[in-house]
Structure formats: structure tokens, C-alpha cells
Amino acid sequence: MIAESQLLVAWDAEPPLVAQHIHAHPTLSEAVGETFLTLAERGLHQH
């Protein structure tokens, strides 16, 4: 989040410009949690 915020400040970006960009998801904690759910064969995004 810090890197993204720093880049936006350096751009002097306005909200409509920022809204056009993809913002990374999931967070690190969500990714780790999903990894362990997947390893336990209970992943939220498994088919």
C-alpha cells in the first residue's frame, strides 16, 4: 500500500485517474489464509 500511495502522490493523481487502475488484492494475510485453506482442501476458490 505504501508503494502504491507513494506513486500516486508522485503523480499528483486525481481520484478519477486512480480509480482506473487495478489495485492489488488479496492482502498478504488473505493470501496466506487462502493458501492454508487450500492445503487443507477447504479453499474458498477451489472448484
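The values are calculated or read from the model by the stated rules, or taken from the named source; none is laboratory data. Worth saying up front: this structure is predicted, and the values here are computed from it rather than measured. Counting neighbours? That spans all protein chains shown, and the Cβs are built from the backbone with ideal geometry, glycine included.
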Inset, instruction - Please identify the pairs in which a residue from segment 17-28 that is closer than 17 Å to residue 43 by Cβ has its Cβ atom under 7 Å from the Cβ atom of a residue that is at pLDDT 75 or above and not hydroxyl-bearing (Ser, Thr, Tyr), counting only partners at least 6 apart or on another chain. - result: 26/34
Inset, instruction - Would you mention how many residues in segment 7-30 are surrounded by fewer than 11 Cβ atoms within 10 Å (Cβ to Cβ), part of a helix (DSSP H, G or I), modelled with pLDDT of 75 or more and under 16 Å from the mean Cα position of the chain (by Cα)? - result: 2
Legend entry - Subset of segment 31-47 (residues that are surrounded by 10 or more Cβ atoms within 10 Å (Cβ to Cβ) and either within 16 Å of the chain's Cα centre (by Cα) or of a type in the set (A, V, I, L, M) (or both)): 31, 32, 33, 34, 35, 37
Inset, instruction - Confirm whether residue 41 is at pLDDT 75 or above and on the phi > 0 side of the Ramachandran plot. - result: yes
